[in-house]
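Notes follow the structure.
The values are calculated or read from the model by the stated rules, or taken from the named source; none is laboratory data. Given the structure is predicted, the values throughout are model-derived calculations rather than measurements. Positions of Cβ are generated from backbone atoms using ideal geometry, with glycine treated the same way; all protein chains shown enter the neighbour counts.
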Amino acid sequence: MKTRLLHFRNDYQKTCYAKIIELNKEDQSIVLDQTVFYPRGGNQDTDTGIIRQDPYILSIESVKKDRDTGVIKHYLTPDSATALDMFHTGQSVFCEINWEKRYQLMKTHTAQHLLSYVLESQFGLKTLKLDLLIDYGYIELDGTFSFETLLSAQHIAQRYIKQGLAIKRKSSNGKFHVIIGNIDDRECGGTHVRRLSEIGCLNIYKVEEQRVYFAVARNAEDIREDQQLDSLKLQSMIPPQVKHVDKFKQWVENMQAELSYLRTRTQELAEGNFCHSLYASHEFSGIERDNETYHLSFHNIPTIDVKRVKKILKDEKGRPPQTSICLCKNRTVAVISTNPFPAFEIMHILKAQDPQMRGGGSKTFAQGGPFLASFEQLKEWVLREWTV
Ligand SMILES: [Zn+2]
């Protein structure tokens, strides 16, 4: 015997009485003569709910239509298994679905019909596949599309929702059709709302290849705050010439190339400034010590690493004798001395101030780190010890 599906008569029916036709202890399922539960078979998710005969209650976690036999089975949650013994074939029971879930699915399903209609009629994009769950729905389209297309499709769909067109179900030759106003007619056995206005909010929030994810009602309101903002922010950064999703990758690659060029250029400028300061810095020129006159220069160059500093100084042989003290990348201190005053002496001065610091070197070059105090502190320590 076939189970009568009451949702075909009334999508809004939440409860019904039914007779148990079959009890299966093996797979923990029940077959009824009629049901308000929507069985998972097509693309709409299953209803959940309860089957009751006081004082016993069975929780239903899913309802499925067997592909081969067409039998509709109500599957119990594991904690209802023992209560099944209190039920028997032929018994009359009361059924009630989780209406909150069902109503959300009705809105999502109706929104899918509307989106599929808009995308096909206005943009020539047919729906190939879909799935409708409590949190979201998706449709898979038969072609590529731009962000603008999706945003206008969303906008058009939202306008129809505001107009609140009526939805009707029609059956012909044993097949069910769902009709939105006078715009769309498609074959469907799922559940839908009576008016488009019941959908409330509809938002597209994610795209994966040709798959478009959308959410409705309360889910869509959450998305507006959480996720859509991010994706819209990203979209606002994309220049208008990036019309298609496949061009997006190219655009990202170009941006990466530009970024890498800018990084190199910034590095070159920093190094250029450093070279210039090797000649221009007279801040601590002419410091006397042990009857010698020294030239000291300090350089705060956090983007340049020690290797580059050595190379630059090697190439800049024409500068007057001096001791260059550089705070480089990764807070490494490099000292290059063409004075008679040895570079490693400076390293000793710093290590005496900060025992955590490691380092050493020769008369002409010394390095050490990490130097955690400020550049100003570095200057102060060196000058203070120097003039002692
Ligand atoms: Zn449908």
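What to note about this one:
- Listed here are the strands (runs of 3 or more DSSP E) enclosed by the stretch 304-388 that have at least 3 residues being farther than 23 Å from GLU268 by Cα: 358-361, 365-369.
- Counting only strands (runs of 3 or more DSSP E) that fall entirely inside the stretch 177-220 and contain at least 3 residues that are away from the ligand (no atom under 16 Å from the Cβ), the qualifying elements are 202-208, 211-216.
- Single condition LYS329 does not satisfy, out of (1) touching a Leu at 6+ places or on another chain (Cβ under 7 Å); (2) at pLDDT 90 or above; (3) not small (Gly, Ala, Ser): (1)
- Among all residues of the stretch 350-364, there is none that is touching a Leu at 6+ places or on another chain (Cβ under 9 Å), closer than 21 Å to TYR279 by Cβ and assigned by TED's automatic domain parsing to the domain that holds THR293.
- Tally, over the stretch 36-90, of residues that are out of contact with any helix residue (DSSP H, G or I) (no Cβ under 6 Å at 6 or more places or on another chain), assigned to a loop (DSSP other than H, G, I, E, B) and aliphatic (A, V, I, L, M): 2
- Residue satisfying all of: in the stretch 119-156; of a type in the set (Ser, Thr, Tyr) and outside any loop (DSSP other than H, G, I, E, B); surrounded by the fewest Cβ atoms within 10 Å (Cβ to Cβ) among these: SER121
- The selection criterion, being within 30 Å of THR266 (Cα to Cα), touching a strand residue (DSSP E or B) at 6+ places or on another chain (Cβ under 8 Å) and in a strand (DSSP E or B), does not hold for ILE287.
- Checked against the criterion of being within 15 Å of the ligand (Cβ to nearest atom), of a type in the set (Asp, Glu) and free of Cβ contacts under 8 Å to residues at least 24 places away in the same chain, the stretch 122-135 has no qualifying residue.
To keep it simple, each residue is scored yes or no on (1) modelled with pLDDT of 95 or more; (2) of a type in the set (Lys, Arg); (3) crowded, with 16+ Cβ neighbours inside 10 Å; (4) within 16 Å of the ligand (Cβ to nearest atom).
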residue: LEU32; (1), (2), (3), (4): yes, no, yes, no
residue: VAL36; (1), (2), (3), (4): yes, no, yes, no
residue: ASN43; (1), (2), (3), (4): no, no, yes, yes
residue: ASP47; (1), (2), (3), (4): yes, no, yes, yes
residue: ILE50; (1), (2), (3), (4): yes, no, yes, no
residue: ASP54; (1), (2), (3), (4): no, no, no, no
residue: ARG67; (1), (2), (3), (4): no, yes, no, no
residue: TYR75; (1), (2), (3), (4): yes, no, yes, no
residue: PRO78; (1), (2), (3), (4): no, no, no, no
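- Only residues that are free of Cβ contacts under 8 Å to residues at least 24 places away in the same chain and of a type in the set (D, E, K, R) were counted in the stretch 136-168, giving 2.
- Of residues in the stretch 157-176 being more than 10 Å from the ligand (Cβ to nearest atom) and among the hydrophobic types (A, V, I, L, M, F, W, C), the one surrounded by the fewest Cβ atoms within 10 Å (Cβ to Cβ): ALA166
- Selection status of THR89, within 16 Å of the ligand (Cβ to nearest atom) and in contact (Cβ under 8 Å) with a residue 12 or more places away in the chain: no
- Residue that is farthest from the ligand (Cβ to nearest atom), among those in the stretch 92-121 that are out of contact with any Asp or Glu (no Cβ under 8 Å at 6 or more places or on another chain) and charged (D, E, K, R): GLU96
- Scanning the stretch 16-31 for residues that are among the charged types (D, E, K, R) and under 15 Å from PRO78 (Cα atoms) turns up LYS25, GLU26, ASP27.
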